[in-house]
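Nothing in this text is a laboratory measurement; each read-out follows from the coordinates by a stated rule. Bear in mind that the values here come from a model prediction, so they are computed numbers and not experimental data. Cβ coordinates were reconstructed from backbone atoms using ideal geometry, including for glycine residues, and neighbour counts include every protein chain displayed.
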Amino acid sequence: MPILHNITERTAYVPGANNLGVVLTGDGGAIVIDTGLDKDTGRMVRRALEEARCELRAIVSTHHHADHIGGNEYLVRNVPGVVVCAPRLEAPLVENPLLEPVYLSLGASPPAALRTKWLMAKGVPVNQIIDGNTCEIAGVTLEIVALPGHSIGQVGVVFDGVCFAADGFFGPVVLAKHGIPYAHDVAAQLAALDRLAARGERFFLPGHGELTERGDLDAALAANRAAIERAATAVCDALTAPGDTFEIARRVRRILGLTIAGLPQYAIFTSAVAAYLSYLEARGTATLAMTDDGAVWHGVA
Ligand SMILES: [Zn+2]
């Protein structure tokens, strides 16, 4: 079975835990949208394109998370001349992946447990910054959809009737597995769902989940909104008594009945809870105050 699955005439993807998008340039070239977790997924992209007799010309990194940029370094090392493209706010983190465990460590030099490939890919120089609503890459004009929220400057890519939506939404099965869909900015994440809902492409490919036809998109987006609402409610419920961010995260974990497998997952979970606290503060339902116990969150009735 071929590795590359066709979507439309000029688009395809490599399905997996991380779906990797492919845009065909029409003259024997290909642009890959995200490269997966590590050199193995990078190698898979290379093999998939070799099988399809396509030459890799460019990589679009939709956002800096390690499971989306982990194959970059292998591909840049093995495919001469490949151009790496990333959104303006994501590019510094694509180039310097240490910044991901740094921000998950309150800005400190991260402990060993957070210097894993799940949080820290190998960096590559970004050759082209993605800005605005369209982008000319490898001779092809791609439409760019701003999807910040899950990360600071995430984008989706639209071409030939397909919206490669990155982590702008998650498939329902993936959502059910996670207590809180990871958020950097919850309000922006909700706005990104609205932006996807307004689109009319035939197909939507999430970074994690099934290729989704337009007719099934609204249900998938509704499941994402419901997961965000559920997480916001859990964080509100955790604020019935004051507590610092880590205490609130502990309570949210209990409320949602989550088991957290290890330190990287704990760091990601705590960061997501912090995003919800800022979201509730902006909505006027939580406040942060300096006390003798440090920075403490209070719920506002
Ligand atoms: Zn992500």
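Some notes on this structure:
- Apart from one condition, V124 fits all of (1) closer than 29 Å to L221 by Cα; (2) surrounded by 22 or more Cβ atoms within 10 Å (Cβ to Cβ); (3) in contact with an Asp or Glu (Cβ under 7 Å, 6 or more places away or on another chain); the exception is (1).
- Region 197-213, subset without any contact (Cβ under 8 Å) to a residue 40 or more places away in the chain and aliphatic (A, V, I, L, M), residue nearest to A176 (Cα to Cα): A197
- Residues of region 274-301 that are part of a helix (DSSP H, G or I) and of a type outside the set (A, V, I, L, M): Y276, S278, Y279, E281.
- Taking first residues from region 230-254 that are closer than 19 Å to K177 by Cα and partners that are surrounded by 18 or more Cβ atoms within 10 Å (Cβ to Cβ) and of a type in the set (S, T, N, Q), the Cβ contacts under 6 Å between residues at least 6 apart in sequence or on separate chains come to A249/T270.
- Condition met for L119 (within 14 Å of the ligand (Cβ to nearest atom), not basic (K, R) and not in a loop (DSSP other than H, G, I, E, B)): no
- Residues in region 60-113 that are within 14 Å of the ligand (Cβ to nearest atom) and assigned to a helix (DSSP H, G or I): 8 in all.
- Of the numbered criteria (1) assigned to a helix (DSSP H, G or I); (2) under 16 Å from V84 (Cβ atoms), the one A48 fails is (2).
- Unmet requirement for K39, which otherwise passes all of (1) within 16 Å of the ligand (Cβ to nearest atom); (2) over 21 Å from V140 (Cα atoms): (1)
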